[in-house]
Structures are given as structure tokens and as C-alpha cells.
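What follows is a set of notes on a single structure, which appears directly below.
The values are calculated or read from the model by the stated rules, or taken from the named source; none is laboratory data. Small disclaimer: the values here were computed from a predicted structure and weren't measured. Glycine gets a Cβ as well: all are built from the backbone with ideal geometry, and neighbour counts include every protein chain shown. We work out accessible area using only protein heavy atoms, side chains counted, and drop any ligands, DNA or RNA first. Shrake-Rupley method; radii C 1.70, N 1.55, O 1.52, S 1.80 Å.
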Amino acid sequence: MSDEGRKKLDQAYEGLERETPDRVSRAIRWLRKPESRWIRIPLGLLLIAGGVFGFLPVLGFEFIPLGLLLIAQDVPFLREPVGAFTLWLEHKWVALRQWWQQKRQH
């Protein structure tokens, strides 16, 4: 089960790297490295904590999934659900972008 979760999470990260600007893609690749664990876990926890206070003007609820995505790299039981959610979200993003491009052409 954890192998399937690892595959889904890897697919999700690869999709994010394709859809984000080069600078962000490089940061994602760096954060995925095993030696980045000591930055990935505290950053993930900070993002989740910031998302809990999403009702404040500067913070947003979108920090929770970002934090979970970072922590899922190191927590096996989170890999599959977070990977599946990220893949679903990426699919919706690509569909929305294609819809928008088609709308602008007409």
C-alpha cells in the first residue's frame, strides 16, 4: 500500500513541477530530496498552522493542502490520499486553463 501511495505522490509532484514556473519547479525538486527533510517537515507544519488561521487577511486556507503535501513525503499513510487529491486538483486546473484559453480564442 505504501508503494502505491509513493507512486501517486510522485505523480502529483511531477505534475506540479510541469504546471509551475521554472523557479517554483526547482524549489519543489529541492524540497523532495531526502536531505531537505529538516526543512520540509517544519515548513509543512507552519503551512498547516497558517491555514488553520485562514480567516485572517494575510493567511489562507490553501496553506493546509500545501503543508500536507510537504509532510506526506515523510508520513506514509498520508501519501496516497494527498497524492490522489493533488492529482485531482491538477486535473481540474488543466481543464480550467484549457477552458479559459478556448474562451479567449472566441
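General observations
- When the test is whether a residue is out of contact with any Phe, Trp or Tyr (no Cβ under 8 Å at 6 or more places or on another chain), open to solvent by 100 Å² or more (accessible area, probe 1.4 Å) and either assigned to a helix (DSSP H, G or I) or more than 22 Å from residue 5 (Cα to Cα) (or both), residue 80 does not pass it.
- Enumeration of residues in the range 8-45 that are touching an Asp or Glu at 6+ places or on another chain (Cβ under 9 Å), among the charged types (D, E, K, R) and touching a residue at least 40 places away in the same chain (Cβ under 8 Å): 8, 19, 32
- For residue 58: the one exception among (1) more than 20 Å from residue 91 (Cβ to Cβ); (2) open to solvent by less than 50 Å² (accessible area, probe 1.4 Å); (3) of a type in the set (A, V, I, L, M, F, W, C): (2)
- Any hit, the range 87-97, residues being of a type in the set (Lys, Arg), in a helix (DSSP H, G or I) and open to solvent by 90 Å² or more (accessible area, probe 1.4 Å): yes
- Candidate set: the range 1-38, residues that are of a type in the set (Val, Ile, Thr) and part of a helix (DSSP H, G or I); chosen: the one least open to solvent (accessible area, probe 1.4 Å): 28
- A single member of 61, 55 is touching a helix residue (DSSP H, G or I) at 6+ places or on another chain (Cβ under 6 Å) and assigned to a loop (DSSP other than H, G, I, E, B), and it is 61.
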